[in-house]
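The values are calculated or read from the model by the stated rules, or taken from the named source; none is laboratory data. Predicted, not measured: the structure shown is a model, and the values here were computed from it. For neighbour counting, all protein chains shown are included, and Cβ atoms are generated from backbone atoms with ideal geometry for every residue, glycine included.
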Amino acid sequence: MALYSEKVMDHFRNPRNTGVIENADGVGEVGNAKCGDIMKIYLKVEEDIIVDAKFETFGCGSAIASSSMATELIKGKPVSEALALTNQAVVEALDGLPPHKVHCSVLAEEAIRKALQDYYGKRDAKDICE
């Protein structure tokens with residue numbers, strides 16, 4: 001059996017949703033000092049639907065693939081569904097990750113949660129000011 005699934009390799013070689021969203025509604029950045037991976041997720045939200053999600057990841061192939069798949073899994077979904085995304089869902093969507101690389105999917109989950117926290121913070125602040 002290969003170390004990485006075809007899906008992991010595809011999302012590593014051809015990552016989806018790379019880049020920055022200017023004036024993003026939510027931004028989340030996380031890192032893992034042990035392995036050196038850094039992920040930044042950008043969200044564009046309209047009427048509580050994630051209409052766009054992009055990422056910048058500095059890290060290994062599993063980190064890039066996890067970021068790519070995670071953004072694919074939340075695009076077009078309500079914010080409430082994105083909040084429910086787990087690292088296990090990312091691993092399953094990638095047809096698995098080696099045990100020593102599962103932390104990459106955890107980073108993707110954490111980055112999305114931070115971006116959603118940022119979105120809620122900005123939205124609530126906007127509501128208070130209006």
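Residues of the stretch 17-63 being of a type in the set (A, V, I, L, M, F, W, C) and buried (at least 24 other Cβ atoms within 10 Å of the Cβ), which ones? Write out each step before concluding.
Just the residues of the stretch 17-63 that are of a type in the set (A, V, I, L, M, F, W, C), to begin with: 20-21, 24, 27, 30, 33, 35, 38-39, 41, 43, 45, 49-51, 53, 55, 58, 60, 63.
Within the stretch 17-63, Met39, Ile41, Leu43, Ile50, Ala53, Phe55, Ala63 qualify.
Filter the stretch 66-100 down to residues that are in contact with a helix residue (DSSP H, G or I) (Cβ under 9 Å, 6 or more places away or on another chain) and of a type in the set (Asp, Glu) and give me whichever is nearest to Gly31 (Cα to Cα).
Applying the filter and picking the extreme gives Glu72.
Being within 9 Å of the chain's Cα centre (by Cα) and touching a residue at least 12 places away in the same chain (Cβ under 8 Å) is the requirement here; does Ala65 meet it? Step through it out loud before you land on a result.
Details: within 9 Å of the chain's Cα centre (by Cα): no; touching a residue at least 12 places away in the same chain (Cβ under 8 Å): yes.
No.
Okay, residues lined up against (1) of a type in the set (Val, Ile, Thr); (2) on the phi > 0 side of the Ramachandran plot; (3) in contact with a His (Cβ under 9 Å, 6 or more places away or on another chain):
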| site | (1), (2), (3) |
| --- | --- |
| Asp25 | no, no, no |
| Lys34 | no, no, yes |
| Phe55 | no, no, no |
| Ile64 | yes, no, yes |
| Ser68 | no, no, yes |
| Lys75 | no, no, no |
| Val79 | yes, no, no |
| Ala84 | no, no, no |
| Val90 | yes, no, no |
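(1) in contact with a strand residue (DSSP E or B) (Cβ under 8 Å, 6 or more places away or on another chain); (2) assigned to a helix (DSSP H, G or I); (3) at pLDDT below 95: which one isn't true of Gly36, the others all being true?
All conditions are met except number (2).
Can you tell me how many residues within the stretch 1-23 are assigned to a loop (DSSP other than H, G, I, E, B) and either of a type outside the set (Gly, Ala, Ser) or closer than 17 Å to Ala70 by Cα (or both)? Before you say what the answer is, go through the steps one by one.
First pass over the stretch 1-23, keeping only residues assigned to a loop (DSSP other than H, G, I, E, B): 1-5, 14-17, 19-23.
Filter again for either of a type outside the set (Gly, Ala, Ser) or closer than 17 Å to Ala70 by Cα (or both), leaving 1, 3-5, 14-17, 19-23.
The number of residues fulfilling the criteria is 13.
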